[in-house]
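A short write-up of the structure that comes next.
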Amino acid sequence: MKISTTHVSVLLQESIHGLDIKKGNVFLDATLGGAGHSCDIASMLGTTGTLIGLDADSKAIERAKARLVDVKCKVFLEQSNFRNIDTVLSKIGISKIDKALFDLGLSSQEIEESGRGFTFRNNEPLLMTFADNIDEDALTAKEIVNTWDEENIVTIIKSYGEERYAYRIAKKIVASRAKKPIETTFDLVEIIKQATPSSYHRMKLHPATRTFQALRMTVNDEIGALTD
């Protein structure tokens, strides 16, 4: 069953206070999402300000357009990863920004409504990509768990998930895929549960949390994007 969620912007007032927004500023929301931050910030930019919003998900862009339709500042919304900031700014003819916000990770809407396998609560295809247009060459979580060698799977789960049972989980993934392909989130959750001790299942954090995080970060090259 899908869970209906209302997106709540993380540290909204703290972010706005820390950014010290001024009328006329050129502001970049590098991870637009539900536009919660941008809606409040747009009202502070005034008629002379500019708001630039980026998101890899076209649905996020459409939601943001609807929420920002009545703002007074100039608005540019682009479907793009924030690693392409230079390209986007060049495209829209802006050479300099004054303030920027990066709300890293993913929103509750992406977790519960995307259908791309971000959550272990719903049985969905193992995609885990922020982009909604997925071509045949795009990296997905399904490709990783079904084709990558055990050592590389250990590396990402341990490095990006800080998962204590990374070796056991990777070994179980490789053994399971030899019998049949790992297709869905529930397939992977079951493998993780089989690979980890029962005491781990009783902890507050779901046993699949760290592995799912690691796969998501790998699929979307989140560290590489930050470096860029």
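The values are calculated or read from the model by the stated rules, or taken from the named source; none is laboratory data. What you see is a predicted model, and the numbers here were worked out from it, not measured in a lab. In this analysis, Cβ positions are derived from the backbone assuming ideal geometry, glycine residues included, and neighbour counts consider all displayed protein chains. Heads up: the accessible areas ignore ligands, DNA and RNA and are worked out on the full protein's heavy atoms, side chains in. Shrake-Rupley method; radii C 1.70, N 1.55, O 1.52, S 1.80 Å.
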Close pairs from region 133-146: first free of Cβ contacts under 8 Å to residues at least 12 places away in the same chain and on the phi < 0 side of the Ramachandran plot, partner of a type in the set (Gly, Ala, Ser) and assigned to a helix (DSSP H, G or I), Cβ under 7 Å, at least 6 apart:
none
Residue satisfying all of: in region 179-207; in contact with a Leu (Cβ under 7 Å, 6 or more places away or on another chain) and either at pLDDT below 95 or not polar (S, T, N, Q) (or both); surrounded by the fewest Cβ atoms within 10 Å (Cβ to Cβ) among these
Glu183
Go through (1) within 23 Å of Ile223 (Cβ to Cβ); (2) touching a strand residue (DSSP E or B) at 6+ places or on another chain (Cβ under 8 Å); (3) at pLDDT below 95 for Leu89 and report which single condition fails.
(3)
Matching residues in region 150-162 - criterion: being open to solvent by 80 Å² or more (accessible area, probe 1.4 Å) and of a type in the set (Asp, Glu)
Glu151, Glu162
Counting only residues that are under 16 Å from Met44 (Cα atoms) and open to solvent by 60 Å² or more (accessible area, probe 1.4 Å), how many does region 71-105 have?
3
Long-range neighbours under 8 Å by Cβ, at least six apart or interchain, first residue touching a residue at least 60 places away in the same chain (Cβ under 8 Å) and in a helix (DSSP H, G or I) within region 14-32, second open to solvent by less than 20 Å² (accessible area, probe 1.4 Å) and of a type outside the set (A, V, I, L, M):
Ser15/His37; Leu19/Phe27
In the set Pro207, Pro181, Pro197, the lone residue that is closer than 15 Å to Pro125 by Cα and either free of Cβ contacts under 8 Å to residues at least 12 places away in the same chain or not aliphatic (A, V, I, L, M) (or both) is Pro181
Looking at (1) within 17 Å of the chain's Cα centre (by Cα); (2) of a type in the set (Ser, Thr, Tyr); (3) crowded, with 17+ Cβ neighbours inside 10 Å, which is the only condition Ser38 fails?
(1)
Scanning region 133-145 for residues that are open to solvent by 40 Å² or more (accessible area, probe 1.4 Å) and either acidic (Asp, Glu) or over 18 Å from the mean Cα position of the chain (by Cα) (or both) gives Asp135, Glu136, Asp137, Glu143
